[in-house]
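Down below is the structure, laid out as structure tokens.
Laboratory data are not the source of any read-out in this text; all were calculated from the coordinates shown. Quick caveat, the model's predicted, so the values are computed rather than measured. Note that we place each Cβ from the backbone using ideal geometry, even for glycine, and neighbour counts take in every protein chain shown.
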Amino acid sequence: MFQQLRTIRNAGPALNFRALLGLLIVGFGLFAVSTRNAFASTAITGTVGTSGKYLVTGAPVTTTAVTVLKLSFENNTPGTNLELCAGTSADFAAGTCSLRLSDSGGPGFVFLTITDTSQLSGKFIFVQRAVGIASATFTLTVE
């Protein structure tokens, strides 16, 4: 990159334009890569087994920021329905979904939930089976 800068200083007008254009393209590429990381997401794949529950967060959500959280939830197992829930540890233990973030349909249906993070503060996020008895796999994407 520094060699390109020297080339710009020492070359004629036509070469200066090409070198400057090359620098702009490299700069834009670096900006695009860093922007993509700002919108990174986390995908969690789990299985709700015989207990009928799956704990997603190992600790209660702690947030002070008022911001939007996007969750995409998909049940990958036919013949079952799952619920994406937020609640206390007692809610999880009892299988109570005090705040339903999303329901699931059959495989191939992805449901989007957009929520304010302040609603989740102090709560665990978990998945529980609502219909069926088979083990059910799911995919949860958090952005």
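Using Cβ counts within 10 Å as a stand-in for footprinting exposure, how do 74, 143 rank, fewest first? Please list the in-between numbers first.
Numbers: 74 20, 143 14.
With the fewest neighbours first, 74, 143 line up as 143, 74.
You can think of it this way: the chain between residue 41 and residue 141 has 35.3 nm of extra reach, that is 0.36 nm per residue less the Cα-Cα gap.
Ranking of 53, 70, 123 by neighbouring Cβ atoms within 10 Å, starting from the fewest: 70, 53, 123. Cβ-to-Cβ counts within 10 Å put 41, 135 in ascending order as 41, 135, the fewest first. Couplings 3J(HN,Hα) for region 103-119, derived from phi with the Karplus relation 6.51 cos²θ - 1.76 cosθ + 1.60 (θ = phi - 60°), are 10, 10, x, x, x, x, 9, 10, 10, 9, 10, 10, 9, 7, 4, 5, 5 Hz, where x marks Gly and Pro.
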